[in-house]
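Working notes for the structure below.
The values are calculated or read from the model by the stated rules, or taken from the named source; none is laboratory data. Bear in mind the structure is a predicted one, so any value in this text is a computation, not a measurement. Neighbour counts are summed over all protein chains in view; Cβ atoms, including those assigned to glycine, are modelled from backbone coordinates with ideal geometry.
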């Protein structure tokens with residue numbers, strides 16, 4: 001489950017497992033298998049089957065799978081007007097095809113904004129192809145405690161909520177002050193760094 005909408009970039013277990021699959025040592029073989037899975041006629045069924053194949057220890061839990069199927073692919077799901085299943089299937093098919101041709105692994109990030117659109121972006125860099133899932137905020141999110149650290153940090157001007165973020169989980173450290181604004185209207189205010197967490 002995500003840390004959204006507290007902070008706006010996330011992997012969570014649903015997209016973190018793709019990094020392991022499509023970014024691991026056998027990523028070219030995994031790309032071939034993923035392209036075969038994505039080739040079916042029904043986008044929701046195709047993605048459902050692809051996620052189901054990854055329900056295993058160290059990959060996706062049954063809760064992860066159910067959350068993905070219900071909230072991302074389901075009807076009505078979080079974004080019923082955005083053709084999420086079709087967009088995800090087409091976006092990943094294109095990104096994986098590109099990554100395979102480039103001979104580069106994939107990394108996936110979910111970017112959650114207040115924009116109403118749902119897009120899949122991919123970008124080739126020197127060492128990998130980065131896929132960005134760009135979505136509106138979820139219509140609802142769980143109140144489960146955040147207990148799993150992500151390898152993602154935010155650096156930002158401190159706002160009042162940042163001090164409350166550690167209270168959302170049992171092991172979340174307090175924000176770390178990394179700089180102070182020197183000039184302008186925010187002069188003297190803290191710039192903080194905070195590691196992101198998600199709920200298992």
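Tabulated data for the structure shown
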item	result
Subset of region 117-143 [over 18 Å from residue 21 (Cβ atoms), part of a loop (DSSP other than H, G, I, E, B) and in contact with a helix residue (DSSP H, G or I) (Cβ under 8 Å, 6 or more places away or on another chain)]	117, 118, 136, 138
Subset of region 1-11 that is part of a loop (DSSP other than H, G, I, E, B) and at pLDDT 75 or above - its residue that is nearest to residue 93 (Cα to Cα)	11
Which numbered condition residue 174 fails, given (1) without any contact (Cβ under 8 Å) to a residue 12 or more places away in the chain; (2) out of contact with any strand residue (DSSP E or B) (no Cβ under 8 Å at 6 or more places or on another chain); (3) in the same structural domain as residue 46 (by TED's automatic domain parsing); (4) not in a helix (DSSP H, G or I)	(3)
Count - residues of region 75-92 that are in contact with a helix residue (DSSP H, G or I) (Cβ under 8 Å, 6 or more places away or on another chain) and buried (at least 16 other Cβ atoms within 10 Å of the Cβ)	7
Yes/no for residue 60 being buried (at least 20 other Cβ atoms within 10 Å of the Cβ), outside the structural domain of residue 154 (by TED's automatic domain parsing) and under 24 Å from residue 195 (Cα atoms)	yes
Residue match in region 158-170 (condition: in contact with a strand residue (DSSP E or B) (Cβ under 8 Å, 6 or more places away or on another chain), part of a strand (DSSP E or B), without any contact (Cβ under 8 Å) to a residue 60 or more places away in the chain and surrounded by 12 or more Cβ atoms within 10 Å (Cβ to Cβ))	no
Subset of region 95-108 that is surrounded by fewer than 17 Cβ atoms within 10 Å (Cβ to Cβ) and touching a helix residue (DSSP H, G or I) at 6+ places or on another chain (Cβ under 9 Å) - its residue that is farthest from residue 14 (Cα to Cα)	103
Test: residue in region 85-103 that is under 20 Å from residue 33 (Cα atoms) and under 13 Å from the mean Cα position of the chain (by Cα)	yes
Any hit, region 42-50, residues being farther than 14 Å from residue 88 by Cβ, free of Cβ contacts under 8 Å to residues at least 24 places away in the same chain, more than 19 Å from the chain's Cα centre (by Cα) and surrounded by fewer than 19 Cβ atoms within 10 Å (Cβ to Cβ)	no
Residues satisfying the stated conditions in region 144-157, i.e. part of a strand (DSSP E or B) and more than 20 Å from residue 189 (Cβ to Cβ)	148, 149, 150, 151, 152
